[in-house]
Amino acid sequence: MTQTPNKLLPSITALSMLVGGSLVALPVLTQAAEPLELEFTYVAPRQQSQVAFVPFAGDSTISPVVLSDLSKSELKATSQNLPQQPHSSGELAGTLPIWQQTAIPYLVVGGTRSNKGSVVTDYEVIDLKTGRIIGGKQTLTSKSDASSLRYAGHVIADKVYELITGIPGDFSGKIAYVEETGSAKDKTSQIKVMDADGQNSRAVTPPIKGSIFSPTWSPDARKLAFTVQTPKAYPILFIQDIDGGAPRAIAKFAGSNISPSFSPDGSSILFSSSFEGSPDIYRVSTAGGTPQKIIGTPYRDIQPSYAPDGNSFLYVSDPKGENHPQIFSYNFATGTSTPVSRTGYATSPQYNKDGTQIAFLNGRSAAIMNTAGAIVTSIGNTGIDESASFSPNGKRIIYASKQGNRGVLTIKSLNGGETFSLGGAPNTTLRAPVWSSNPK
């Protein structure tokens, strides 16, 4: 009898196999039967990730950034245990059922090419249930230096996230923060800016003898406003272009000029100042000039923060004078204020992008409430009395804390993504991290 390759003639009289360490008898075939065809089919392992990511062809810099960004989000991207390594939708022909076995709903493929000194990335986001390319083929052109390629990775991750979720990603925004060394009279402060994954940190102000407070981004992510207090001087409000140049003072009145907040159109800044007595809320053009008083009461009115639509702003006041400050909302059209917070001690408010949630300091604990004043997320006492800052899409927050002699910035997902920390150098304090919108 001759055996045909890949066929089995089952004239076997006894079979056994090892299962769980024991020899187990299998059913015995005692008579010949028709040959059986054996088909060896790859079965892809089922995974929990929402995105399968195949590193782009011809690339070693952009792909790791895209994968890292998406892995930290609730999409939990993976490049492991994939059945194939295609680089275009065309290479999936006939193999879609294999990909569907993975239980991963989306696949990202693509490649890079050179064009007149630039790097062009073509990529596709594929719905594996239907094989449809979501949004069609995408193309991004960037410079070829390492920094530009890393930024291209963040931009691509933003787009992939948006194509899948319908919400813009928050990976290409920048994070500004204050780094302090020394203490008391020897304290030195400066503002640094880094990518949203903690890479490429750089100083945007020179070291300043004294303290820097409340940095805030302009809507176009090109400028920062902040307060500087040096020894024996009033706090002064400055604007700094993050690409260089000297900071420009826009509020240097004889009082505490603090807590700047850019209007959504970038034309003006709200701030608090005590140059006329008790702290009041003022508005000044970003070009400088005479400020306009918006709120002036006998109480301390501080920490203004524009609403995303520019029609109102949050601020902190203590109208009962009992050291129980609360958060209020001021409406420009009506000129009236209404209470927002419900807790016994609420300060440092900041809206998320769509104005549905407010990060604030609840006593000494960072928290998030809705616009009705109900706490929806409690972050706890971070050891630094500051509220959190929302990412551009409001799905993550960043806040400062202290671990031993090292300052730490923590990025926390609010919808099931990864929470991770970025540590500063030893003997430093990191403060007031704020996340910019995605640069245009």
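The values are calculated or read from the model by the stated rules, or taken from the named source; none is laboratory data. All values reported here derive from a predicted model rather than from experimental measurement. All Cβ positions, even for glycine, are placed from backbone atoms using ideal geometry, and neighbour counts span all protein chains on display. Accessible surface is based on the protein model in full, side chains and every heavy atom, while ligands, DNA and RNA are left aside. Shrake-Rupley method; radii C 1.70, N 1.55, O 1.52, S 1.80 Å.
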- Query: Which fully enclosed strands (runs of 3 or more DSSP E) of segment 259-316 have 3 or more residues being open to solvent by less than 20 Å² (accessible area, probe 1.4 Å), farther than 23 Å from Pro433 by Cα and touching a strand residue (DSSP E or B) at 6+ places or on another chain (Cβ under 8 Å)?
  - Reply: 280-285
- State all residues of segment 69-102 that are out of contact with any Leu (no Cβ under 7 Å at 6 or more places or on another chain), under 23 Å from Thr410 (Cβ atoms) and buried (at least 18 other Cβ atoms within 10 Å of the Cβ); if no residue qualifies, say none. Asp69, Leu70, Ser71, Lys72, Ser73, Leu75
- Exception for Ile327 within (1) in a loop (DSSP other than H, G, I, E, B); (2) within 28 Å of Trp435 (Cα to Cα) falls at (1)
- Note on the structure: How many residues of segment 415-437 are out of contact with any Leu (no Cβ under 9 Å at 6 or more places or on another chain) and surrounded by fewer than 20 Cβ atoms within 10 Å (Cβ to Cβ)? The answer is 10
- Query: Looking at segment 94-149, which of its residues are in a strand (DSSP E or B) and polar (S, T, N, Q)?
  - Reply: Thr112, Ser114, Asn115, Ser118, Thr121, Gln138, Thr139, Thr141, Ser142
- Under the condition of being without any contact (Cβ under 8 Å) to a residue 24 or more places away in the chain and surrounded by 13 or more Cβ atoms within 10 Å (Cβ to Cβ), which residue from segment 317-328 is farthest from Arg364 (Cα to Cα)? Pro319
- Would you please name the residue that is most open to solvent (accessible area, probe 1.4 Å), looking only at residues in segment 360-388 that are assigned to a loop (DSSP other than H, G, I, E, B) and more than 20 Å from Asp318 (Cα to Cα)? Asn381
- Task: Mind counting the residues in segment 389-411 that are over 15 Å from the mean Cα position of the chain (by Cα), open to solvent by less than 20 Å² (accessible area, probe 1.4 Å) and of a type in the set (S, T, N, Q)?
- Result: 1
- Note on the structure: Note: among Ile358, Ile368, Ile384, Ile379, just one is modelled with pLDDT under 95 and under 14 Å from Leu414 (Cα atoms), namely Ile379
- Note on the structure: Selection from segment 191-241 of residues more than 22 Å from the chain's Cα centre (by Cα) and at positive phi yields Gly210, Lys232
- Query: In the list Pro206, Pro215, which residue meets the criterion of being under 25 Å from Ile384 (Cα atoms), out of contact with any His (no Cβ under 6 Å at 6 or more places or on another chain), assigned to a loop (DSSP other than H, G, I, E, B) and touching a residue at least 12 places away in the same chain (Cβ under 8 Å)?
  - Reply: Pro206
